[in-house]
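First comes the structure, then the notes that go with it.
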Amino acid sequence: MNTIKNLYLLALLPIIILSSCSDNGGMAKIQVALVDAPANYDAVNIDFQDVQINVSSKADDEGGWQSLESAEPGVYDLLLLTNGEEQFLGEIELPEGKLGQVRLILGDGNILTVDGQETPLTVPSGSQSGLKINVDADIQAGITYKLVLDFDAAKSVVKAGNSGKYNLKPVIRAQMEATTGAIHGTISPAETATVVYAIVGEDSISSYPDEEGEFLIRALDAGTYTISAVPAEESGFTTVDVEDIVVTIGETAEAGTIAFTN
């Protein structure tokens, strides 16, 4: 294990300083998925054009709207998203803070199928300003969250009197689920070029400390980890291991200060 880690470290030493800047430990990841409950229609096709998140960070109380990265817009049949099925809508990395609302931007391709007949679904509002759903959840750096949007088709499709037309008045419940944990710690001396590993069984995830010596290893499954801090060979320091760090979903475990000695 140490031989492999030392070879890996030597290969990456030229980019350690750059990587420590780009590996932004102050961010949380939000993944958005769509689900539905059964409804008595043949199909309820909803045209999703964009999904936006409103978050206020600790550094910026005002926040703002941001579209999901790697978004997958398209027309989705809500009735296929039952019994554990879901549609991934995209994900985004955000600074820790409070996730206030999510906004769905719908297109014009909303179609209801009843008894084999297709009819347009009219959206009174939403195509322009978007459908806003309150979330009001705190998000923590280093944690991956899954935001599940439960689009209740049965309650959302409303018949417009005897006209034969239908309106879409979305009833959507948002539920935030933390799906991973993280480990935070500090190396000393802070300026030591180091690769830090979180090891569980035969698997490991690595990260680099920043200029202050702090590191945050993210997206960890629940379990008991060993943190192994591997300094550059020319530093004269030796590897330090910290064992039995318990990671809990939705929490950041502390590895404390890892002090190198000659």
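The values are calculated or read from the model by the stated rules, or taken from the named source; none is laboratory data. Note that the structure is a prediction, hence the values are computed from the model and not measured. With ideal geometry, Cβ positions are generated from the backbone for all residues, glycine too; neighbour counts draw on all protein chains shown. In case anyone asks, the SASA skips ligands and DNA or RNA and just uses the protein heavy atoms, side chains included. Shrake-Rupley method; radii C 1.70, N 1.55, O 1.52, S 1.80 Å.
Over all orientations, the stretch 147-221 has a Cα convex hull whose mean projected area works out to 8.7 square nanometres. Projecting the Cα atoms of S188, L80, V200 onto the charge dipole of the chain (Cβ charges, centred on the Cα centre) puts L80 farthest toward the positive pole. Considering the stretch 79-130 at the alpha-carbon level, its Rg and Dmax are found to be 15.6, 48 Å.
Sequentially through the stretch 86-102, phi angles give Karplus couplings (6.51, -1.76, 1.60; θ = phi - 60°) of 8, 10, 6, 9, x, 8, 7, 9, 9, x, 4, x, 10, 8, x, 9, 10 Hz, Gly and Pro residues having no value and appearing as x. Compared with the alpha-carbon gap, the fully stretched path from A259 to D108 is longer by 48.4 nm at 0.36 nm per residue. The long axis of helix 2-12 is offset from the longest Cα principal axis of the chain by roughly 70 degrees. Remark: C-alpha extents of the chain on the principal axes read 84, 38, 28 Å, sorted largest to smallest. With contributions of -39500 (n - 2.57) from each DSSP H run of at least four residues, the per-residue ellipticity at 222 nm computed over the chain stands at -2000 deg cm²/dmol.
Taking the chain as the region of interest, the number of lysine pairs whose Cα atoms are within less than 20 Å, with members eight or more places apart or on different chains, is 12. In the stretch 111-262, Rg over Rh equals 1.31, where Rg is the alpha-carbon radius of gyration and Rh the Kirkwood radius from pairwise Cα distances. Here the gap between Q49 and E69, fully extended at 0.36 nm per residue and compared with their Cα-Cα distance, gives a gain of 5.9 nm. Just the protein heavy atoms count here, and of the accessible area of the chain at 1.4 Å, carbon and sulfur take up 46 percent. Report P(r) for the stretch 65-163: all Cα-Cα distances, bin width 5 Å, range 0 to the bin holding the largest distance, values in whole percent. Binned Cα distances yield the sequence 2, 9, 18, 23, 19, 14, 8, 4, 2, 1, 0. Using +1 at the C-beta of Lys and Arg and -1 at the C-beta of Asp and Glu, which of G107, A28, V247 has the Cα lying farthest in the positive direction of the dipole of the chain? Going by the charge dipole, the pick is G107. Kirkwood radius for the stretch 208-262, taken over all pairs of different Cα atoms as the inverse mean of 1/r, rounds to 12.5 Å.
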